[in-house]
């Protein structure tokens, strides 16, 4: 029995040495596999060609109709956010931000239209004044029905008076002339 145990130990030792030898011999191939080498062909073949004269890009053509449509659609999107914020009772900071963004887009639209239409845009912004002021009080103290009424009036006035098809003859180009598209 003792001979069998010693024979078993010898075989395990030989197997261990064999595994050790195989792992050490494959170490070089593993090391080569995971060692980074610079790519010689790619770097040397590329040549750097400096641009000696800058390219002149064409100036952006001001299209008051396209700009007005973009501002109008942004106002509609922010209006939907404002209405959702009222229903969800969001924080006053977010609502102030939403109102500020709407007024910012209205201001951008004022640059694109003539004076009578600018007065309509100022009137449009005035529909948001009560809601903006009422944000300083708590939700219980706010006159929600008045706010909802003002928001509906805002939307109605925007649709009825300031759609692109209603103000098409009142657009002003960058030079200050009224477009007659």
Practice item. Inverting the mean 1/r over all pairs of different Cα atoms, compute the Kirkwood radius of region 92-169 and quote it in Å. Key: 13.4
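Go ahead and run the numbers for FRET between residue 73 and residue 52, Cβ-Cβ distance against an R0 of 30 Å, rounding to 0.05. Mind showing how you got there, number by number?
Values: r = 43 Å, r/R0 = 1.44.
The calculated FRET efficiency here is 0.10.
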Point to revise | Fraction of alpha-carbon pairs over 11 Å apart in region 57-103 - percent | key: 69
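Would you mind putting 66-77, 8-19 in packing order, based on average other-beta-carbon counts within 10 Å, highest first?
66-77, 8-19
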Review point. Among 7, 105, which comes first, then next, by fewest other beta-carbon atoms within 10 Å?
Key: 7, 105
Exercise for review: With 10 Å bins from zero, work out the P(r) of region 119-159 over every alpha carbon pair and list the percent per bin.
Suggested key: 30, 50, 18, 2
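Given a Förster radius of 45 Å and the C-beta distance between residue 38 and residue 11 as r, what FRET efficiency does 1/(1 + (r/R0)^6) yield to the nearest 0.05? Walk me through the numbers on the way to the answer.
Values: r = 48 Å, r/R0 = 1.06.
That gives a FRET efficiency of 0.40.
Every number here is computed from the coordinates shown, using simple stated rules; none is lab data. The structure displayed is predicted, hence computed values, not measured ones. Cβ atoms come from the backbone with ideal geometry, glycine included; neighbour counts cover every protein chain shown.
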